[in-house]
Each structure stands twice: as C-alpha cells, then as structure tokens.
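Undergrad: Here's a structure for you.
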Amino acid sequence: MASFIIAAASTADLPAKYFTEHDVPLISYTYTVDDELLEDDCKDETRAYTYKRMREGAMTTTSMINTYTYYNFFRGLMDTGKDVIFLDMTRQISHSFLNAEEAAKQIKEEYPNQRFNLMDTLCVSGGLGLLLHNMVKLRDEGRSFEETIEWAETNKLKIIHWFTVDDLNFLKRGGRVSNAAAMIGTLLSIKPVLFVSDDGKLVVASKIHSRKKALLDIIDKMKDDFTEPDGKEVFINHADCAEDAEFMRQRVLEAFPAISKITVMNLGAVVGAHCGPGLFTIFYLGNKRYA
C-alpha cells in the first residue's frame, strides 16, 4: 500500500474507473446545462448527455469549487494519517485554484505533522490527466513523496497540450474570442489550433481554414516537440467527435510508431462546456511547450 495519497480534481478528464482502479480520490466540479445542475463525475454517459444537450442548443455554465468543499475533501484525506499531493487545473485557467489554496493553508495549520502539497500543475484536461498518470506510476513503483513531486515539478512543462475547436461560438460565450472574431471566423471556416503555454494560459498558435487541416497542423507541430517518442504514452480526449479522434489516432501512429500506447477518452464536461462539442485535444510528454 502506498505511503502517501495522490488526489485530483475531475478536470483531469480521465474515466471514472481510472480513479477507482488507481486509488486516486476525486473531487468533482459542478456545472449546469440550462437549469439542470450536474456533477462532473467523469462517467462517459454524463459526458455524452452533456454534449448531446449542447448540440441541441442548451446553455452550459460551470462553477468553481468553493473553499469549504475543498477543505472538507482535504481534511478527509489528511485524516488517513498519510501525506497528500493534490492536483487541479492551472490557476491561470481556473479561479477555483485560489479557493484550493485557501483551504490548503487551513489544512497545513491543522495538520502540522503531515505534508500537504497543492501543486500548480500548469496543466488542464488530459494534460493534467497525463501528469497524474505518470505520478501514480511513480507512486506505485515505490517512489517517495519527495521523488514524485520532484519528477512532476521537473516535467510538468513538458506535458504538451494541443487543442482545436469546431465552433467558435462556444469560445465567444466563454470570453475567449470577441463576437466579431467568432462571426468572421465562422464565415471563413477558421479552426484555431491552441496550446497551453508555460505560464498555464490557453493561447492560439495558428488559424487554419478547415477542420481536417487543423488536425493535420497538430501532427506537424508534434513533429517539432515530440522528437523522443519511444515508449511514451499519448492521450487523446474528444468532445463528441469520435471520428476525428480515430483519424488522429491513426495519423499519430503513422508519424510516431515507437510510442507505447494511445489512449482515447471522452473529454470532461467542465472543459468541454467552454469550448463546445467538437473540441479535439491531444497530450504527451514532449520536449518543451510551443512558444
């Protein structure tokens, strides 16, 4: 049995069974679809239902996890007597991180004889999931609390995130693009390719005219920052665009035959709520992030 706990937020966008099978306690964000309050429980059926409703025109909004909820979750972990590492989305994308910090401050004061590490992962979605996955493997190999944190801090900026969206109107709703940019982009069939920067922000890397070209542009970018793929894993998360995910799985295998595994998963509803159905994402441990 592991000597410390690794816990995470639902925005790691892994399947629900992953958290259970790998003994990773989970705290879930909530969101609304029209007036229906839902929990980001990481179940495929919940994700499918959410994207179906969004395609039908339902409005989605997300909520922060408040300090009290974080505090109760953290206290339950600390009451096991073990040290704890907790992973959530980067502070630059989720203001919920500030609430986690406040709760962590209280926890450290109340449990002075245990260690509690709240990591600013500088990752989101499947990038956060990939960071978590690698840390869980280290824990299960018998690495110490300190060694696991050291690996994560050394490598978190090598977790590469690539995204492309299908409908700019969802980015408009979330304030990521202006009304005018969304309208012009839609008329011109512009599909932006985005990445997460070293400081944890979502940034546009290129603007491509057509969905397929945007997907292939990601493969081209991977050839620049994934030059040592031997034995590494790749995560693909998609928001109700399974055909595109399979297309890209094949292209990645052709471009990088030495990778060990590609895992294709449904994208979590909280991240998907801001970018909409058709969001395609890919994550891997590469050289360095795009700049």
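The values are calculated or read from the model by the stated rules, or taken from the named source; none is laboratory data. A quick note: this is a predicted structure, and the numbers were derived from the prediction, not measured. A quick note on method: Cβ atoms are made from the backbone with ideal geometry, for glycine too, and the neighbour counts reach across all protein chains shown. Side chains included, ligands, DNA and RNA excluded: accessible areas come from the protein's heavy atoms. Shrake-Rupley method; radii C 1.70, N 1.55, O 1.52, S 1.80 Å.
Undergrad: What are the residues in the range 240-254 that are open to solvent by 40 Å² or more (accessible area, probe 1.4 Å) and over 19 Å from ARG47 (Cβ atoms), if any?
TA: PHE247, GLN250, ARG251, LEU253, GLU254
Undergrad: Exactly one condition in (1) assigned to a loop (DSSP other than H, G, I, E, B); (2) acidic (Asp, Glu); (3) modelled with pLDDT of 95 or more is not met by GLU109; state its number.
TA: (1)
Condition check ((1) farther than 18 Å from ALA2 by Cβ; (2) hydrophobic (A, V, I, L, M, F, W, C); (3) free of Cβ contacts under 8 Å to residues at least 40 places away in the same chain) across all residues:
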| position | (1), (2), (3) |
| --- | --- |
| ALA104 | yes, yes, yes |
| GLU109 | yes, no, yes |
| ASN117 | no, no, yes |
| VAL124 | yes, yes, no |
| GLY129 | yes, no, no |
| ASN134 | no, no, no |
| GLU141 | no, no, yes |
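Undergrad: Right, next: Of these, ASN237, ASN266, which one is surrounded by 21 or more Cβ atoms within 10 Å (Cβ to Cβ) and farther than 18 Å from PHE195 by Cα?
TA: Answer to the selection: ASN266.
Undergrad: Counting just the residues of the range 141-158 that are under 22 Å from the mean Cα position of the chain (by Cα) and farther than 17 Å from VAL196 by Cβ, which one comes out most open to solvent (accessible area, probe 1.4 Å)?
TA: My answer is GLU150.
Undergrad: Restricting attention to the range 25-33, does a residue exist that is open to solvent by 10 Å² or more (accessible area, probe 1.4 Å), part of a helix (DSSP H, G or I) and touching a strand residue (DSSP E or B) at 6+ places or on another chain (Cβ under 7 Å)?
TA: Scanning the range 25-33 turns up no residue that is open to solvent by 10 Å² or more (accessible area, probe 1.4 Å), part of a helix (DSSP H, G or I) and touching a strand residue (DSSP E or B) at 6+ places or on another chain (Cβ under 7 Å).
Undergrad: Further question on the same structure: Could you please find all residues in the range 107-125 being of a type outside the set (D, E, K, R) and either surrounded by 17 or more Cβ atoms within 10 Å (Cβ to Cβ) or within 18 Å of LEU26 (Cβ to Cβ) (or both)?
TA: Scanning the range 107-125 gives ILE107, TYR111, GLN114, PHE116, ASN117, LEU118, MET119, THR121, LEU122, CYS123, VAL124, SER125.
Undergrad: Can we say TRP162 is under 17 Å from LYS232 (Cα atoms) and not in a helix (DSSP H, G or I)?
TA: So TRP162 fits the description; yes.
Undergrad: Okay, moving on. Go through the range 50-102 and give me each residue that's among the aliphatic types (A, V, I, L, M) and either assigned to a strand (DSSP E or B) or surrounded by 18 or more Cβ atoms within 10 Å (Cβ to Cβ) (or both).
TA: Across the range 50-102, the qualifying residues are MET54, ILE65, LEU77, MET78, VAL84, ILE85, LEU87, MET89, ILE93, ALA100.
Undergrad: Considering the range 264-280 alone, what residues qualify as being closer than 13 Å to LEU14 by Cβ and touching a Leu at 6+ places or on another chain (Cβ under 9 Å)?
TA: Scanning the range 264-280 gives MET265, LEU267, GLY268, VAL271.
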